[in-house]
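**Q** Here it is, the structure, as structure tokens.
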Amino acid sequence: MKIAILGGTGQIGRGFALRWGQKHDVIVGSRGAEKAETLAAEYIKILKERDLPANITGTDNKTAAENADVIVLAIRYNQLESLMELINPVLDKQIVVSVVVPMEKNMCYIQPNSEHTTVPISSEEFNTDYFCFSRPESGSAAQDIADMLPENIELVAGFHSIPAKKLADLDLEPEFDVGVCGNSMRSKEVVFDLVRDIPNMRPLDIGPLETAPMLEALTPLIINVSARNKMRDTSIKFI
Ligand SMILES: NC(=O)c1ccc[n+]([C@@H]2O[C@H](COP(=O)([O-])OP(=O)(O)OC[C@H]3O[C@@H](n4cnc5c(N)ncnc54)[C@H](OP(=O)(O)O)[C@@H]3O)[C@@H](O)[C@H]2O)c1
């Protein structure tokens, strides 16, 4: 399968490329084709040093999206709009996967009478920074993306709680659960298999796209738990 990782030069994109590049054709996408080529070469080197297969190329985000079966959006929430505009014309029947978590540091929102109110609390009060889910009006980043996609394109959301460092560390095979949601079972099955391609990771069906807010909100919770309890790059496992 051809997997385009848009923003594949970043932290989480690196881990996906190193894991899936052993089994699939990975296309690292970037705003700059040259940067993508450089990172693709770096990922290939890491895999070759371990005598692992490495099927990875690099190009600009639009070309990567055009040539893929699965497109992973591995960029930050506030960067989505321009990327979606760029790739929409080349979307045909690719499956789009969102790993995007809208979150903010030291800034929580409450919603009395559906009015957004910002409640900043100084990090000094808590001795350390903390993160909050920054819930978009639509409910989730995934719903925002769905609203920007052509109607025939299926969206799946997942991998939000997988820490980039552990994903990219090929010495590790962490037993993490990966929550996956979306409205098409066919597309979710494709993503379940991508989860299974990462040793010891287990895909769990969370439900339709409506459940994306719960999945996305897990990430700031996990980061706060880690920071406050001297844990590193933690994730979740349902037992
Ligand atoms: N880091 C994690 O542990 C983790 C875990 C789960 C989910 N996520 C989610 O994955 C997404 C990416 O996170 P990350 O930590 O990998 O981010 P990152 O390293 O900061 O950035 C990823 C890539 O985004 C691209 N980018 C930057 N500005 C852009 C723009 N204006 N338009 C289009 N692309 C732009 C950059 O690629 P180029 O410069 O090459 O274009 C960059 O390498 C986020 O939504 C995050 O919530 C992250």
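**Q** Of the numbered conditions (1) in a helix (DSSP H, G or I); (2) at positive phi, Asn200 fails exactly one; give the number of that condition.
**A** Only one criterion in (1) in a helix (DSSP H, G or I); (2) at positive phi is unmet by Asn200, namely (1).
**Q** Moving to a separate point now. For Ile153, are the conditions met, namely being at pLDDT below 95, farther than 17 Å from Arg76 by Cβ and among the aliphatic types (A, V, I, L, M)?
**A** Details: at pLDDT below 95: no; farther than 17 Å from Arg76 by Cβ: yes; among the aliphatic types (A, V, I, L, M): yes.
When the stated conditions are applied, Ile153 does not pass them.
**Q** Please find, among Leu18, Leu39, Leu47, the residue that is near the ligand (Cβ under 9 Å from one of its atoms) and part of a helix (DSSP H, G or I). Even if it seems obvious, please write down each step before you answer.
**A** Details: Leu18 fails: near the ligand (Cβ under 9 Å from one of its atoms); Leu47 fails: near the ligand (Cβ under 9 Å from one of its atoms).
Exactly one residue qualifies, and that residue is Leu39.
**Q** Which one of the conditions (1) part of a helix (DSSP H, G or I); (2) surrounded by fewer than 19 Cβ atoms within 10 Å (Cβ to Cβ); (3) among the charged types (D, E, K, R) does Asp233 fail to meet, given that it meets all the rest?
**A** (1)
**Q** Condition first: over 23 Å from Ala168 (Cβ atoms), within 13 Å of the ligand (Cβ to nearest atom) and either of a type in the set (Val, Ile, Thr) or without any contact (Cβ under 8 Å) to a residue 60 or more places away in the chain (or both). Now tell me which residues in region 64-84 satisfy that.
**A** Correct list: Asn78, Ser82.
The values are calculated or read from the model by the stated rules, or taken from the named source; none is laboratory data. No experiment lies behind these values; they were computed from the predicted model shown. For neighbour counting, all protein chains shown are included, and Cβ atoms are generated from backbone atoms with ideal geometry for every residue, glycine included.
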